[in-house]
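K.L.:
The structure follows.
The values are calculated or read from the model by the stated rules, or taken from the named source; none is laboratory data. Note that the structure is a prediction, hence the values are computed from the model and not measured. Positions of Cβ are backbone-derived with ideal geometry, glycine not excepted, and every protein chain shown enters the neighbour counts.
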Amino acid sequence: MPLPTATTRWRCTSCGNLTRFDVTRTSRVTEFLHLDLAGTSTVEERTVHSDVLEQVRCRWCDAVDAVELVPRADVEAELAGRAVEEAALGEARAAAADRPAGPGV
């Protein structure tokens, strides 16, 4: 199962869930910890050597093999809106190029 990206998201095919998943993964990392005088630690650097996604389970219906990667609707709408704007701008430029120049120009 691939991880979601800026243009994709997970969706459960059993119940339609888009927001709640239990993710089991194995990571091998090196972290630089800074401990203050009280002993509270803060991770200041993190290097990921390996990160394996083992399982994605739907939190709503508990399905394991029903999660798929789908396009994000908000990204599709934004891209469609940009395409409409670009088409309108192209038409306006073409119309302006077809107009004859005014007197004295």
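K.L.:
Every residue in the range 21-44 that is surrounded by fewer than 13 Cβ atoms within 10 Å (Cβ to Cβ) and under 24 Å from the mean Cα position of the chain (by Cα), please.
P.N.:
Hits for the range 21-44 are 22, 24, 25, 26, 27, 28, 29.
K.L.:
Next question, about the same structure. Would you check if residue 75 is within 19 Å of residue 2 (Cα to Cα), of a type in the set (A, V, I, L, M), modelled with pLDDT under 95 and assigned to a helix (DSSP H, G or I)?
P.N.:
Details: within 19 Å of residue 2 (Cα to Cα): yes; of a type in the set (A, V, I, L, M): yes; modelled with pLDDT under 95: yes; assigned to a helix (DSSP H, G or I): yes.
The answer is yes for residue 75.
K.L.:
Tally up the residues in the range 1-58 that are outside any strand (DSSP E or B) and of a type outside the set (Gly, Ala, Ser), please. Don't jump to the end; show me each part of the working.
P.N.:
The first filter runs over the range 1-58 and keeps only residues outside any strand (DSSP E or B), leaving 1-7, 13-20, 36-40.
If we keep only those that are of a type outside the set (Gly, Ala, Ser) as well, we get 1-5, 7, 13, 15, 17-20, 36-37, 40.
Result for the range 1-58: 15.
K.L.:
Surrounded by 11 or more Cβ atoms within 10 Å (Cβ to Cβ) and touching a strand residue (DSSP E or B) at 6+ places or on another chain (Cβ under 8 Å), is that true of residue 11? Quick ask: steps written out before the conclusion?
P.N.:
Values: surrounded by 11 or more Cβ atoms within 10 Å (Cβ to Cβ): yes; touching a strand residue (DSSP E or B) at 6+ places or on another chain (Cβ under 8 Å): yes.
It is true that residue 11 is surrounded by 11 or more Cβ atoms within 10 Å (Cβ to Cβ) and touching a strand residue (DSSP E or B) at 6+ places or on another chain (Cβ under 8 Å).
K.L.:
While we're looking at this one, here's another question. Consider the range 11-66. How many of its residues are among the β-branched types (Val, Ile, Thr) and either touching a residue at least 40 places away in the same chain (Cβ under 8 Å) or under 17 Å from residue 1 (Cβ atoms) (or both)?
P.N.:
Qualifying residue count, the range 11-66: 8.
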